[in-house]
Every structure is written in C-alpha cells, then in structure tokens.
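Before any comments, here is the structure.
The values are calculated or read from the model by the stated rules, or taken from the named source; none is laboratory data. Since the model is a prediction, treat every value here as computed from it, not as a measurement. Here the Cβ is made from the backbone with ideal geometry for all residues, glycine too, and neighbour counts use every protein chain on show. Please note that ligands, DNA and RNA were not included when accessible areas were found on the heavy atoms of the full protein model with its side chains. Shrake-Rupley method; radii C 1.70, N 1.55, O 1.52, S 1.80 Å.
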Amino acid sequence: MKIAILSRNAKLYSTRRLAEAAKERGHEVHVFDHLRCYMNITSMRPSIHYKGVKLEGFDAVIPRIGASVTFYGTAVLRQFEMMGVFPLNESVAISRSRDKLRSVQLLARKGIGLPVTGFARSPDDIDDLLNSVGGNKFVIKLLEGTQGIGVVLAENKKAAESVIEAFLGLNANILVQEFIEEAGGADIRCFVVDGKVVAAMKRQGKEGEFRSNLHRGGSAELVRITPEERSTAVRAANIMGLNVAGVDLMRSNHGPVVMEVNSSPGLEGIEKATGKDIAAMVISFIEKRAAVGRTTTRGKG
Ligand code: ADP
C-alpha cells in the first residue's frame, strides 16, 4: 500500500515508529507536513499538492494533527477523504474529539461515566453552577487547553468562583468539574485500536501535582484494567467515531470516568511502558480496513 502520514515533523517518536512499522510490513510511506499541503477544490477533481507536486495514488492516510492546527489539519485530511483515501481516523471524528464540551455531551448521552461537569457563560450563574456540580473542590478547564495547560484545581468554592470569574472576564470558555480526589493524581490511558484496548498504562502525576500528564512530569507504568474499564474505553472511542484513540480514565468512587478521548495518542509513553509494538497494530488495522470508498462518517454530532 501507499500510505501518507500527516505530521509536522518526521523525527517525532510516533511518526517515526509508524513509518518504520509500515515499511517493515512492505508498504511505501511518505510523511507530509500538513501545513505545507495545499488543495484544489475543483468540482469532481479534488487534489492535494505538496511543495509543487500533486499527491496521487495513496491508499491510506495517518493523521498526526496537533491540537493547535486542528482546523487546517482536518481540512487537509478531509481533502484526502474526498479523494477516496482511507483515513486512520476521520476528520469529523478528530474535530469532535478536540472539543471537550462536545465530547462530554456525546459521551453523557450514551451513559459513559464522567466527572460531573458544568458549563456556563454568565458570572451570575456561577454560584448555582457550583452547587449543581457539588463537592468542595473543583477542577476548572479551559475548553481550548491541551497537555494539562489550562486545567486548574480550586480547593474551595470561593477559589473556584474567583478563577471562573477571571476566565470568563477574559472571554474564555470553561468547564467546571467535580474533583476526582480519590484517584490520587493518577489516570489510566487505554490505547484503543479497532474496538479493542491493545495496551493500558497508569500515569501518576509527580509529587504534589493532581495532573498526570506525562508532559507535566508524570510517570507511567503497566496496569491491569478491569472489564468495566475496558468496555468504557472501547465504547468511548466508538461513540467518538475513532478507530484509534487514547482514552483517559480515572478510577472514581462511582466507577471509571472518562477524562478525555485523544484522537492522536502518542506512542512513546505507551510502547515504553508496555513493551508492545503498537505501531505494527495500527498498520495492521489499516491493512485490514483500507479500501477505496471505505471512507464513511460514523457517529453523530
Ligand atoms: P488536557 O487535555 O489538557 O490533558 P485533561 O482534561 O485531560 O486536560 O486534564 C489533565 C489532567 O488533569 C488529567 O490527566 C487528570 O490527571 C487531571 N484532571 C483533569 N480533570 C480532573 C478531575 N475532574 N478530577 C481530578 N483530576 C483531574
């Protein structure tokens, strides 16, 4: 097969591993910086160009689109889809998962466990919103944040009110969540490929840090997950319409709750923590599923 990888940097661990795995399995691989792909949207003849060359003959495309360039990156991916190229994850599913509010709304509709979450715009509604979320401690999240930046823990209601007022004053959209204190600063990353959890790791925030993101200095180790956690992760990926996803769960005292469904999960942490060849599993999924005309839009919303 001829496979395109959309990535800003061919040297990044995940990009490198996916390219290696595809080559080992006998495929032709090209890495394109999606910000350098440009398109011609002529009726019936959609095309993509890269540094003066028209891209042709691709069977599959692997998007590795960073959150800061979601709009342009998904537009390029969509153009591949319009040309009948099979996307590892579809552009609509990626856009859906990048919106934290839309994600929790879709997951809640299907009964997936979530931290109690509130959303409001007017400072006048903050008091009632905090009462409805409940508890004394709150997590406040910027809708546009990633890698734990823009996620704040407020230790009491007064602190939560001030932080929310400050964010709203800056015209930022924020979510307010119950603080899952019992998780002890740990979460579980479930790596889902084609409806199965193929690997899972527990991430623990560094001393004194409630955020477990590896980018924030957290550490990772292999973990055994329960059948309930496994099915929650698989269902969450499915609801978002993602073939490949990193589903982050926390162990709350009301069962597993989903924090986030990541559409471009990194391979480095999970391959190193579990010793598994996840890149090969991803390529093997593409071999099974990529066929011209198999581009469909799954999920709703
Ligand atoms: P990002 O997309 O920026 O990583 P997340 O929503 O995943 O944002 O939050 C970052 C980290 O903060 C999570 O991995 C988790 O460790 C911690 N966290 C987020 N929300 C809560 C919560 N409601 N209760 C406890 N910890 C939380």
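For the stretch 117-179, what is the Kirkwood estimate of the hydrodynamic radius, computed as the reciprocal of the mean inverse distance between distinct Cα atoms, to one decimal in Å?
Numbers: mean 1/r = 0.0886 Å⁻¹.
Kirkwood hydrodynamic radius for the stretch 117-179: 11.3 Å.
Zone of GLU181 (label point 7 Å along Cα→Cβ, backbone N under 16 Å): which residues in the stretch 193-211?
Under 16 Å, as judged by backbone N against the label point of GLU181, lie 208-211 of the stretch 193-211.
Which three extents, in angstrom, do the Cα atoms of the stretch 158-301 have along their principal axes, listed largest first?
55, 34, 27
Just the number please: accessible area per residue for the stretch 117-179, 1.4 Å probe, all protein chains included, in Å². Please report the intermediate quantities before stating the final value.
Working: 3170 Å² over 63 residues.
Using a 1.4 Å probe on heavy atoms only, each residue of the stretch 117-179 averages 50 Å².
Would you list the P(r) distribution for the stretch 1-156, with all Cα-Cα distances sorted into 10 Å bins from 0 and each bin expressed as a whole %?
Each 10 Å bin holds this share of Cα pairs: 9, 31, 26, 18, 12, 4, 0.
Please compare each pair in LYS11/LYS51; LYS23/LYS51; LYS196/LYS288; LYS2/LYS100 to a cut-off of 25 Å on the Cα-Cα distance and tell me which ones are over it.
On the way: LYS11/LYS51 19 Å; LYS23/LYS51 23 Å; LYS196/LYS288 15 Å; LYS2/LYS100 33 Å.
Cα-Cα > 25 Å for LYS2/LYS100; rest within.
Show me the ranking of peptides 262-268, 157-163 by mean Cβ neighbours inside 10 Å, starting with the highest.
On the way: 262-268: 21.9, 157-163: 15.6.
The packing order, highest mean first, is 262-268, 157-163.
R0 = 45 Å: FRET efficiency of HIS254 with LEU170, Cβ-based, nearest 0.05?
Values: r = 33 Å, r/R0 = 0.73.
Efficiency for this residue pair is about 0.85.
Taking a spot 7 Å from the Cα of LYS288 along the direction of its beta carbon, which residues of the stretch 220-247 have an amide N less than 20 Å from it?
Residues 230-247 fall inside that zone.
With the full set of protein chains in place, find how many percent of the accessible area of the chain is carbon and sulfur; take the probe as 1.4 Å. It would help to have the intermediate numbers written out before the result.
Numbers: 7070 of 14160 Å².
Taking all protein chains in place, the chain shows 50 percent carbon and sulfur surface.
Which FRET efficiency value, to the nearest 0.05, do you get for LYS2 and LEU35 by plugging their Cβ-Cβ distance into 1/(1 + (r/R0)^6) with R0 = 30 Å? Walk me through the numbers before you get to the answer.
On the way: r = 22 Å, r/R0 = 0.72.
It comes out at approximately 0.90.
Enumerate the residues in the stretch 32-58 having an amide nitrogen under 17 Å from the point lying 7 Å beyond the Cα of ALA10 toward its Cβ.
So the set is 32-37, 50-56.
What are the semi-axes of the equivalent ellipsoid of the chain, taken as the square roots of 5 times the eigenvalues of the Cα gyration tensor, listed largest first and rounded to whole Å? Intermediate results must be reported in sequence, preceding the final value.
Values: eigenvalues 246, 98, 55 Å².
Listed largest to smallest, the semi-axes of the chain are 35, 22, 17 Å.
In deg cm²/dmol and to the nearest 500, what is the mean residue ellipticity at 222 nm of the chain if only DSSP H runs of at least 4 residues count, each as -39500 (n - 2.57), divided by the residue total? Mind showing how you got there, number by number?
Working: 9 runs with 97 residues, N = 301.
Per the formula, -9500 deg cm²/dmol.
Using Cα pairs closer than 8 Å and at least 6 residues apart in sequence, work out the relative contact order for the chain, in percent.
Values: 603 pairs, mean separation 56.6, N = 301.
Taking the mean separation of contacting Cα pairs over the length of the chain, I get 19 percent.
Excluding ligands, DNA and RNA, what is the solvent-accessible area per residue of the stretch 182-290 at a probe of 1.4 Å, expressed in Å²?
Values: 4520 Å² over 109 residues.
On a per-residue basis, the stretch 182-290 sits at 41 Å².
How big is the antiparallel share of DSSP beta bridges in the chain, given as a percent to the nearest 5? Don't jump to the answer; show the numbers that get you there.
Working: 43 of 55 bridges.
Beta bridges within the chain, antiparallel portion: roughly 80 percent.
Size of the dipole of the stretch 182-290 about the Cα centre, Lys and Arg at +1 and Asp and Glu at -1 on the beta carbon, nothing else charged, in debye to 20? The partial results should precede the final answer.
Values: 15 positive and 14 negative charges, 28 e Å.
Dipole of the stretch 182-290, to the nearest 20 debye: 140 debye.
At 1.4 Å probe size, with every protein chain present, just tell me what the per residue accessible area of the stretch 2-96 comes to in Å².
Numbers: 4460 Å² over 95 residues.
Per-residue value: 47 Å².
For the stretch 117-179, what does the relative contact order come out to in percent, with C-alpha contacts under 8 Å and a separation of six or more?
46 percent
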